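The values are calculated or read from the model by the stated rules, or taken from the named source; none is laboratory data. This is a predicted model, so every value here is computed, not measured. For neighbour counting, all protein chains shown are included, and Cβ atoms are generated from backbone atoms with ideal geometry for every residue, glycine included.
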Amino acid sequence: MTPLILMAEDDPDIQLVARLALKRAGFRVEAVANGRLLLEQVQVERPDVILLDWMMPEMDGPEACARLKADPLTADIPVIFVTSKSQASEVQTGRAAGAAGHLLKPFDALKIGDDIRHILDRLGKPAGQA
Amino acid sequence: MPNPILDRRVPADEFARLQALEGYHILATPAEPAFDDLAALAARITGTPIALVTLVGGDRVWFKARVGLDEADTSRPMFFCARAILARDLLVVADAARDEQFSGHELVAGEAHIRFYAGVPLVSPAGHGLGTLCVLDRVPRSLTSEQQSALTTLARQAMHLLELRRLQVQCQEQEQQLVTILDALPSPVILVDAPEAHIVFQNRAAREALGWDTNDPDELTLFWRAMQVLTADGDVVPPERWPARRALRGESLALESLVFVVPNGRRFPVLSGAAPIIDDAGSVVGAVVGFQNVTHGPEMNRLKDDFIALVSHELRTPLTSMRGSLQLLMADEHAVPNPEFRQLVDVALDNTNRLVRMVNDTLDVAQIEAGRMPVHVRRTALADVLTLVINTVQAQAGAHRVLVEAEVSPDLPPVTIDVDRIVQAISNVVAGAIKSASAGTTVRIDTASSGASVSIHVRYLGASIPEADLPRVFDKFHQIGRSGDQGTGLGLTIAKALVEQHGGRISVMSQPVEGTTFTIELPADRQGA
């Protein structure tokens with residue numbers, strides 16, 4: 001089964017590039033523009049992994065992550081931040097919110113799929129090859 | 001008495017003459033002893049009761065100096081001096097009452113009863129008749145030729161005096177201008193004179209910085225006698241080594257870090273520079289000392305770091321979609337089949353990658369300097385670190401036709417480090433070496449351990465670094481040589497910062513023949529080794 005990625009990213013250009021890059025890497029991709037829409041979408045179809053931008057309108061990444069982790073139904077879905085926020089305090093905030101990883105923008109469009117698989121492998125939740 | 005002829009003739013240069021006279025700033029000014037003395041001397045020599053130094057204005061003739069006359073000025077038409085500057089020569093009027101050119105003037109027809117006049121025009125260096133030195137009497141008379149000649153000489157002296165006075169006024173104006181400029185400067189500036197370095201002037205910023213609001217020379221001398229200057233390390237700098245004294249010995253000083261301790265005990269760090277003031281003859285006549293209180297430096301640095309972080313972050317968003325788009329285009333051979341267009345996309349991708357590197361490096365420097373770089377340390381063997389380094393630089397080495405070889409001594413103790421960061425630091429150094437190494441040579445990485453530290457040496461042969469540049473090699477944006485390579489000028493800065501963050505040190509030695517060696521020292525982890 002092709003693993004499903006649910007992504008929240010408010011920049012439409014980045015959303016498009018990420019969608020194509022992840023499709024190329026063998027994932028199915030659903031993308032929304034902020035954390036609130038992500039919490040809705042996660043109820044529609046349960047993803048294998050969630051990618052979160054940090055700064056978004058309406059609900060930012062850390063809050064969405066915290067809410068996902070607080071809900072027993074979504075708590076075990078791995079969350080990875082994909083963000084330009086790379087300062088020590090921010091990486092720690094992300095980890096404290098329960099994130100499984102932190103990918104830095106600008107991400108490598110040809111490697112991002114492998115990076116996500118690598119994080120999932122480490123969690124013991126291999127996403128498999130397409 | 002009637003005025004048969006009112007002589008209103010003026011010199012041909014009247015307009016320029018009046019302007020020149022204005023430039024002397026002397027009309028309607030109080031008496032000055034130097035001019036009074038000349039007038040008194042003129043009266044004594046000619047034996048007349050009245051002598052004047054006059055200035056011929058537009059309507060009035062002003063008496064700058066006067067002996068034996070109460071009036072301070074008089075009307076210009078029909079007055080002797082107005083005629084004397086027309087003639088540009090000694091004018092003698094033996095009996096004004098009998099000369100209808102002058103008989104109607106108020107000093108002749110009125111109570112003053114002037115009858116005799118002899119005046120020599122005061123001609124400026126530019127050739128304008130400004131006024132006269134003249135002698136007058138209430139009875140008709142004449143002057144001997146010696147007296148006339150003496151009067152002419154005295155007139156020349158009066159003109160010299162006027163000229164000196166003008167230059168003095170000009171100097172005062174310039175000085176005032178200089179003071180205004182210096183006081184408007186935000187940076188403290190101090191002027192001292194030779195040879196004793198007495199303070200001549202401190203601008204407003206200097207008075208404020210030092211907390212001593214005076215320009216009184218005696219007070220300043222006392223103040224500076226009680227001042228102390230320390231090096232950045234806190235050693236006392238003897239007064240003969242202070243910037244002012246060194247500048248008075250002819251030295252021009254670049255900015256150096258010092259600490260000023262003012263007499264009330266307050267101390268603050270400064271950057272101070274100085275330069276000698278040299279006169280036309282080449283002698284040092286004084287010195288200018290500038291300094292900047294750098295107490296607030298850290299605050300400025302923090303603002304700068306925040307700014308860099310913000311800009312770098314904002315740049316990353318568009319870079320993410322640019323680079324991703326180009327990567328995906330290039331990854332699919334069918335997306336851009338035309339080879340020339342593929343080349344163009346490749347150029348765009350290369351340059352986007354370069355921009356990404358610059359943004360990353362800039363942000364790294366800002367974060368390291370601000371102490372906000374994430375660090376995750378673990379105990380590691382250097383051999384593993386160097387393997388990662390070699391992997392990182394391999395492609396670049398190939399492109400430069402340079403080999404990279406690493407040799408790790410077997411007895412090396414482990415190190416406790418953030419592996420990613422130390423790999424980044426060593427890779428930056430090796431990448432710099434690859435760029436500077438001659439094609440076909442080998443960049444060698446070897447290790448050594450001594451006591452509490454392990455060292456990693458990166459050696460290469462290529463253009464050596466000039467000795468003068470060695471201290472600047474790790475400075476931001478300093479590029480070794482001009483390789484034209486697409487470096488960011490931050491690689492070694494980042495390497496140094498990362499190594500120092502780990503409690504280590506980085507240094508460089510360079511010789512034309514032996515080549516260049518970068519040495520990174522890291523604290524060894526002896527626990528259980």
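Here are some notes:
- Residue list for segment B:107-152, restricted to those being among the hydroxyl-bearing types (Ser, Thr, Tyr) and either crowded, with 24+ Cβ neighbours inside 10 Å or not assigned by TED's automatic domain parsing to the domain that holds B:Arg83 (or both): B:Tyr117, B:Thr132
- Among residues that are in a helix (DSSP H, G or I) and at pLDDT 85 or above, B:Gln367 is not included.
- Segment B:179-188, residues that are over 15 Å from the mean Cα position of the chain (by Cα) and buried (at least 16 other Cβ atoms within 10 Å of the Cβ): none
- Test: residue in segment B:155-163 that is modelled with pLDDT of 90 or more, touching an Asp or Glu at 6+ places or on another chain (Cβ under 9 Å) and not hydroxyl-bearing (Ser, Thr, Tyr): yes
- Among residues of segment A:8-45 being touching a residue at least 60 places away in the same chain (Cβ under 8 Å) and under 17 Å from A:Arg117 (Cβ atoms), the one that is surrounded by the most Cβ atoms within 10 Å (Cβ to Cβ) is A:Ala18.
- Taken over segment B:486-506, the criterion of being in a loop (DSSP other than H, G, I, E, B), within 32 Å of the chain's Cα centre (by Cα) and in contact (Cβ under 8 Å) with a residue 60 or more places away in the chain is satisfied by B:Thr488, B:Leu490.
- Candidates B:Arg342, B:Arg316, B:Arg323, filtered to the one that is surrounded by 14 or more Cβ atoms within 10 Å (Cβ to Cβ), in a helix (DSSP H, G or I) and more than 13 Å from chain A (Cβ to nearest Cβ): B:Arg342
- Per the conditions (1) surrounded by 18 or more Cβ atoms within 10 Å (Cβ to Cβ); (2) within 14 Å of chain B (Cβ to nearest Cβ), the sole criterion not satisfied by A:Met55 is (1).
- Residue selection: B:Val408 fails the criterion of being farther than 21 Å from B:Leu319 by Cβ, more than 14 Å from chain A (Cβ to nearest Cβ), under 50 Å from the mean Cα position of the chain (by Cα) and surrounded by 14 or more Cβ atoms within 10 Å (Cβ to Cβ).
- Subset of segment B:399-439 [part of a loop (DSSP other than H, G, I, E, B) and hydrophobic (A, V, I, L, M, F, W, C)]: B:Val402, B:Val408, B:Leu412, B:Ala439
- In segment A:80-130, residue farthest from the other protein chains (Cβ to nearest Cβ) [restricted to those that are at pLDDT 85 or above, under 14 Å from the mean Cα position of the chain (by Cα) and more than 24 Å from B:Asn353 (Cβ to Cβ)]: A:Leu120
A quick yes/no check of all residues on (1) surrounded by fewer than 18 Cβ atoms within 10 Å (Cβ to Cβ); (2) not small (Gly, Ala, Ser):
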| residue | (1), (2) |
| --- | --- |
| B:Gln177 | yes, yes |
| B:Ile190 | no, yes |
| B:Ile199 | no, yes |
| B:Ala205 | no, no |
| B:Asp213 | yes, yes |
| B:Gly234 | yes, no |
| B:Pro238 | yes, yes |
| B:Ala247 | no, no |
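- When B:Thr392, B:Thr352, B:Thr387 are checked against the criterion of being in contact (Cβ under 8 Å) with a residue 24 or more places away in the chain, out of contact with any Gly (no Cβ under 7 Å at 6 or more places or on another chain), among the β-branched types (Val, Ile, Thr) and in the same structural domain as B:Thr416 (by TED's automatic domain parsing), a single residue qualifies: B:Thr392.
- Neighbours by Cβ (under 7 Å, 6+ apart or cross-chain): first from segment B:205-223, over 17 Å from B:Gly265 (Cα atoms); second outside any helix (DSSP H, G or I) and small (Gly, Ala, Ser): B:Ala205/B:Ser187
- Which listed residue, of B:Leu470, B:Leu490, B:Leu461, is among the aliphatic types (A, V, I, L, M) and surrounded by fewer than 17 Cβ atoms within 10 Å (Cβ to Cβ): B:Leu470
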